[in-house]
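Colleague: Right, I'll just put the structure down here and ask away after.
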Amino acid sequence: MSDNYISDLGVGPMPSSAVFAAAVVLFGVIALLAASLFRKENKKSLLWVFLALSGIGAIGVGVFNSDYPLAHRPSALLAFLFGNLAAVYSYKMARPPLSHVFVVLGLIGLSALALFGGEIYLGLGVGGMERMILYPTMFWAVGFGAYLLADDCRSCEIKS
């Protein structure tokens, strides 16, 4: 794990590489769908832009595995950078204490991205540091989605 990039899963033997590619593309498509829904709700918010760019990056990662670095690396940067920026920006839509948790998650991912770019891996290895970029975004996506669902249901009435 510490020696391998996440995207190494996309260059292994079939069918595992195809499963990885399909999963990453699907994740990107879902991010684009979420961006579209957020845009309908509030065109002035940057959250939909961040999600769309991250989704486009994820699709690029799935389509262009690491054997195509000229397309793969910028795609990964889009996915990582804008996914973590979305986490930071989402503080505007959430109430404390979760808004603070979302900012911290995004800042952890952005800090790890900066360290990764500077080839500073803090003993985690290249793969470990790359995961420190991705995991906060994934935790944010699950947490923010759950928050939005729960917040939406507060206005729901249970009728017997």
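The values are calculated or read from the model by the stated rules, or taken from the named source; none is laboratory data. Everything numeric in this text was worked out from a predicted model, so none of it was measured. When we count neighbours, we look across all protein chains shown, and the Cβ atoms used for this are built from the backbone with ideal geometry, even at glycine.
Colleague: Just for the stretch 14-46: of the residues that are hydroxyl-bearing (Ser, Thr, Tyr) and touching a Phe, Trp or Tyr at 6+ places or on another chain (Cβ under 9 Å), which one is farthest from residue 138 (Cα to Cα)?
Modeller: Ranking the qualifying residues of the stretch 14-46, first place goes to 45.
Colleague: Run down 51, 70, 113 and say which single residue is within 22 Å of residue 148 (Cα to Cα), at pLDDT 95 or above and not basic (Lys, Arg).
Modeller: Just one listed residue meets the conditions, 51.
Colleague: Here is a further query. Is there a residue in the stretch 140-154 that is assigned to a loop (DSSP other than H, G, I, E, B) and either touching a residue at least 60 places away in the same chain (Cβ under 8 Å) or crowded, with 18+ Cβ neighbours inside 10 Å (or both)?
Modeller: Among the residues of the stretch 140-154, not one is assigned to a loop (DSSP other than H, G, I, E, B) and either touching a residue at least 60 places away in the same chain (Cβ under 8 Å) or crowded, with 18+ Cβ neighbours inside 10 Å (or both), which makes the answer no.
Colleague: Exposed (fewer than 14 other Cβ atoms within 10 Å of the Cβ), farther than 19 Å from residue 146 by Cα, of a type in the set (Gly, Ala, Ser) and at pLDDT below 95: is that true of residue 22 in this structure?
Modeller: The answer is no for residue 22.
Colleague: Right, here's the next one. Which ones in the stretch 60-89 are surrounded by fewer than 16 Cβ atoms within 10 Å (Cβ to Cβ) and not in a helix (DSSP H, G or I)?
Modeller: Of everything in the stretch 60-89, those that are surrounded by fewer than 16 Cβ atoms within 10 Å (Cβ to Cβ) and not in a helix (DSSP H, G or I) turn out to be 67, 68.
Colleague: A further question follows. Looking at the stretch 105-125 only, could you name the residues that are β-branched (Val, Ile, Thr) and surrounded by fewer than 14 Cβ atoms within 10 Å (Cβ to Cβ)?
Modeller: The one that is β-branched (Val, Ile, Thr) and surrounded by fewer than 14 Cβ atoms within 10 Å (Cβ to Cβ): 120.
Colleague: Filtering the stretch 90-104 down to residues that are in contact with a Phe, Trp or Tyr (Cβ under 8 Å, 6 or more places away or on another chain) and part of a helix (DSSP H, G or I), which residue is surrounded by the fewest Cβ atoms within 10 Å (Cβ to Cβ)?
Modeller: 100
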